[in-house]
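The structure appears below as structure tokens.
The values are calculated or read from the model by the stated rules, or taken from the named source; none is laboratory data. Predicted model, so just to flag it, every value in this text is computed and none were measured. Methodologically, a virtual Cβ is constructed for each residue, glycine included, from the backbone with ideal geometry; neighbour enumeration extends over all protein chains shown. Just the protein is used for accessible areas: all its heavy atoms, side chains included, with ligands, DNA and RNA removed. Shrake-Rupley method; radii C 1.70, N 1.55, O 1.52, S 1.80 Å.
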Amino acid sequence: MATASVPVQTDWRQEWFEIEDATYLNLAGQSPMPKVSHRAVIAALELKKFPHRIPDSAFFDVPNRIRASIAKLIGGKAEEVALTTGASTGMAAVAYGLNWEPGDEVVTAKGEFPMQYTTWKPMEAREGIKVKIVAPRDRYIAAEDIIAAMTPKTRVVSISHVRFDTGGMIDAAKIAAACHAQGALLLLDVSQSCGAVPMSVDALGADFLVCAGYKWLLGPFGTGFFWAKSEHIARVRSGPFYWMATGGADNFAALATNDPKPGRDAKRWDAAETANYLNNAAVDASLEFVLRAGPDTVLAHNHNLIDFMFERLPKDRCVPASPLEHSLRGPYGCFTARKPEGTAALYERLRKENVVTSLREGNIRVSPYLYNTERDIDRLISVITA
């Protein structure tokens, strides 16, 4: 008689070095490095000790694997991916690369991550554009708020997929449809979702994605990516570019020294030293881990833990500061003290007891990962209720 198969349960905690002196609930701030990535960095350091063992192909093999992994993660193409030092690089490429007319509008949201304003506000003086900052009609910014603010002059909507301060997740597809109906473009910052929320660039409808690598991609600082839809790569003006983005750069014996041109892919926006042995060795291994675990696994796990937290929060002292519906919330959740002036004190109490969270825009942000369990949430609750 056939027996039913039992799913294999993975103890993801074994993939990390144990954090013995703290309860770490701050992956949205910075990811701990998985063991597999740490091993990759050590191996890269060994190669640097003996550089005669590094083949020329090593300058391209690791970056190409990273591009392929990112493309698989977002449902795009490897040639649409540039490897950057963070999300800001891609934002700047779009800001400098589009042909602007005075009065063109860029629409973003109130309370966005500062990168949105440090990218677009200087362009008002430089190009004569107008940055429209949209406030939510209800508690959290919604697609309808952004769409209502668009006008025929809107060229770009630039917004986070998941908000850094509330965990609220925007309906990107609805915004994309409104953009494309009038010839506008959607630039989406997926730093707080990519790797922890299943996504497809086709379903999102975005024209550009930017992402930091040190959060849900489990990479180190100084990593990230910029994705540009194929049809936009040739249309966005190219600026100075990394020499390894030229055609034929993989042949070190015959480099293009006379008027080199960038290739017909997103490599033209690669950060210099794409073959960074340490950072890219780590993010290469981390991305393989992210793909193996699966964003769907991460999101389901985190939704369960955040739901558990919201259920256990003392109602007389704390209130949720994130959407309760899963469809409207990314991979983490936030709360405040019932009296706003008590939130900072509550955060400091958690910090003193080595329960590591983030304080963002008056909200305590709790961002677990696969290494966290209900026991960690119990620890957080015990400190709050002490």
Legend entry - At most 12 other Cβ within 10 Å, DSSP loop - trypsin sites (Lys or Arg not before Pro), region 246-301: ARG264
Inset, instruction - Roll a 1.4 Å probe over the protein heavy atoms and report the accessible area of ASP165 in Å², nearest 10. - result: 10
Legend entry - Test item: Cα-centred dipole of the chain, Lys/Arg +1 and Asp/Glu -1 on Cβ, debye: 420
Legend entry - Surface share of carbon and sulfur [accessible, 1.4 angstrom probe, percent] for the chain: 53
Legend entry - Where chymotrypsin sites (Phe, Trp or Tyr not before Pro) fall in DSSP loop in region 175-277, at most 13 other Cβ within 10 Å: PHE221, PHE252
Legend entry - Potential extension, ARG338-LEU255 segment - 0.36 nm per residue separation minus Cα distance: 23.5 nm
Legend entry - For region 97-218, convex hull of alpha carbons as volume per residue, Å³: 103
Legend entry - Value of Rg/Rh across region 1-100 [Cα atoms, Kirkwood radius]: 1.09
Legend entry - Taking all pairs of distinct alpha-carbon atoms in the chain, Kirkwood radius in angstrom: 22.2
Inset, instruction - Report ³J(HN,Hα) in whole Hz for each residue of region 135-147, in order, from the Karplus equation J = 6.51 cos²θ - 1.76 cosθ + 1.60 where θ = phi - 60°; Gly and Pro get x. - result: 8, x, 6, 10, 6, 10, 5, 10, 4, 4, 5, 5, 4
Legend entry - Exposure of THR118 as accessible area (Å², to 10), given a probe of 1.4 Å and all protein chains: 100
Inset, instruction - Could you state how much accessible area LYS48 has, in square angstrom rounded to the nearest 10, with a 1.4 Å probe and all protein chains kept in place? - result: 130
Inset, instruction - Among VAL356, SER367, TYR332, pick out the residue whose Cα is farthest towards the positive end of the charge dipole of region 324-376, where Lys and Arg carry +1 and Asp and Glu carry -1 on C-beta, about the Cα centre. - result: VAL356
Legend entry - For region 186-217 versus region 67-100, the gap between their alpha-carbon centres in whole angstrom: 10
Inset, instruction - Work out from phi, with θ = phi - 60° and the Karplus expression 6.51 cos²θ - 1.76 cosθ + 1.60, the ³J(HN,Hα) of each residue of region 173-184, listed in order in whole Hz, and give x for Gly and Pro. - result: 4, 5, 5, 4, 4, 5, 4, 5, 5, 10, x, 8
Inset, instruction - Averaging sequence separations of C-alpha pairs under 8 Å and six or more residues apart, then dividing by the length of the chain, give the relative contact order as a whole percent. - result: 23
Legend entry - Per-residue HN-Hα couplings for region 280-297 [Karplus 6.51, -1.76, 1.60; θ = phi - 60°; Hz; x = Gly/Pro]: 6, 4, 5, 5, 4, 5, 5, 5, 4, 5, 4, 5, 5, 5, x, x, 5, 5
Legend entry - FRET efficiency, GLU46 to ARG264 (Cβ-Cβ, R0 35 Å, nearest 0.05): 0.45
Legend entry - Label-point separation, GLU144 to PHE60 (7 Å along Cα→Cβ), nm: 5.2
Legend entry - Cα Rg, Dmax (largest Cα-Cα span) when computed across region 103-145, Å: 11.2, 34
Inset, instruction - State the extension gain, in nm to one decimal, for the chain segment bounded by LYS35 and ARG349, taking 0.36 nm per residue of separation less the distance between their alpha-carbons. - result: 110.0 nm
Inset, instruction - Could you list the GluC sites (Glu not before Pro) in region 265-369 that lie in coil according to DSSP, counting only those with at most 15 other Cβ atoms within 10 Å of their Cβ? - result: GLU273, GLU325, GLU361
Inset, instruction - Report the calculated FRET efficiency for TRP100 and THR151 (r = Cβ-Cβ distance, R0 = 22 Å), to the nearest 0.05. - result: 0.90
Legend entry - Segment ASP316-THR10, length gained on full extension (0.36 nm per residue, minus Cα span): 106.4 nm
Legend entry - Efficiency of FRET between GLU361 and ALA234 - r from beta-carbon atoms, R0 41 angstrom, step 0.05: 0.60
Inset, instruction - Would you please give the residues with an amide H less than 5 Å from that of GLY333, counting only those at least 5 places away or on a separate chain, with H modeled from the backbone geometry? - result: VAL366
Inset, instruction - Of the listed pairs LYS35/LYS339; LYS77/LYS215; LYS153/LYS174, which have alpha-carbon separations greater than 30 Å here? - result: LYS35/LYS339
Inset, instruction - Can you work out the accessible area per residue across region 201-343, with the rest of the protein chains kept in place, probe 1.4 Å, in square angstrom? - result: 44
Inset, instruction - Count charges around THR151 for me, please; just the other residues with Cβ under 11 Å from its Cβ, Lys/Arg as +1, Asp/Glu as -1. - result: +2
Inset, instruction - Take the alpha-carbon centre of region 107-150, take the same for region 254-319, and report the distance between them in whole Å. - result: 24
